[in-house]
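Quick notes on the structure that follows.
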Amino acid sequence: MTDFPNNYAYLGTADAGDLSSDYNRLKYIIQQQLDEMSTATVVKIIRAPYDANGNNITPGSAAAIGYVDVQPMVGQIDGYGQITKHGTVYRLSYHRYQGGNGAFITDPVIGDIGKMVVSDRDTSVVRKTSDLSPPGSGRRYDKADGTFFGQTQAGAPKQFWSFTATGARFQDLNGNTIITTNQGVLINGVLITLAGDVVAKNGVSLENHVHSGIQRGSSDTDPPVT
């Protein structure tokens, strides 16, 4: 048995008030049990999405929603004020904006920081079968039944869809843009009007333009006049 020095003291979360009455002692015990429940917390992606067989999902691919591994970022603290980091929570589900067969695919990547929300029952069977089922076990409010919901802390995106007071804008990593306006849709500067006409960046209309140097015959016309 380990010998502790005479002045060694155990420090915990209880204080003198918690031990001052039967009511306070009972309240403390109940609080300790509640503290074991996981509800929601901030986590970091440790492993990017993978499928049910453990194979990595190619980023941006039209694959089924898979799983991620995360690490809770708010550490645990003991009575001495010492912090213990959380370990990895494996095989979490994650949220994707999808309805029926349509989806915006922007799956999480390693290093993403977002919110994990935890179910109140064991969801393992439902996640495996996508069907009504009893809980997989008696566990409750366990991190293993969490779902990752997007980023909550991140820098400025480099490719995005945005919706503004004047319309919508799409931009990708290559600099391609789609912008909607009250005149139509601009695709890399080319306007497709609400009436269906196409207007080039130099202002030439597909449906309403003229050519210079016209002379009847078999020759081709000159380019459109700006």
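Bear in mind these aren't lab numbers, they're just calculated from the coordinates by the rules spelled out. Computed from a prediction, not measured in an experiment: that's the story for all the values here. Please note: Cβ atoms are built from the backbone with ideal geometry, for glycine as well, and neighbour counts cover all protein chains shown.
Overall size of the chain from C-alpha positions, given as principal axis extents largest first: 111, 40, 34 Å. Going by alpha carbons, how many degrees (0 to 90, nearest 10) lie between the helix axis of 22-34 and the longest principal axis of the chain? Helix 22-34 and the main axis of the chain meet at about 40 degrees. Around the Cα centre of segment 16-146, unit charges on the Cβ atoms of Lys, Arg, Asp and Glu (plus for the first two, minus for the last two) sum to a dipole of about 160 debye. Per residue, the average separation of C-alpha pairs within less than 8 Å and at least 6 apart gives the chain a relative contact order of 12 percent.
Extension gain for Thr84-Asp35 works out to 16.1 nm (0.36 nm per residue, less the C-alpha to C-alpha distance). Going by neighbour counts of Cβ atoms within 10 Å, the residues Val74, Val68, Val118 line up, fewest first, as Val74, Val118, Val68.
Only one residue of Val199, Thr164, Thr58 has its Cα farthest out toward the positive end of the dipole of the chain, where Lys and Arg carry +1 and Asp and Glu -1 on Cβ, and that residue is Val199. Straight-line reach from Lys128: taking Cα to Cα under 29 Å and skipping same-chain neighbours fewer than 8 places apart, the lysines in range are Lys44, Lys115, Lys143. Under the convention that each Lys and Arg Cβ holds +1 and each Asp and Glu Cβ holds -1, the size of the dipole of the chain around its Cα centre is about 180 debye.
Toward the positive end of the charge dipole of segment 34-153, with +1 on the Cβ of Lys and Arg and -1 on the Cβ of Asp and Glu, the farthest Cα among Thr152, Gly79, Thr106 is that of Thr106. Residues Met116, Met37, arranged from fewest to most other Cβ atoms within 10 angstrom of their Cβ, appear as Met37, Met116.
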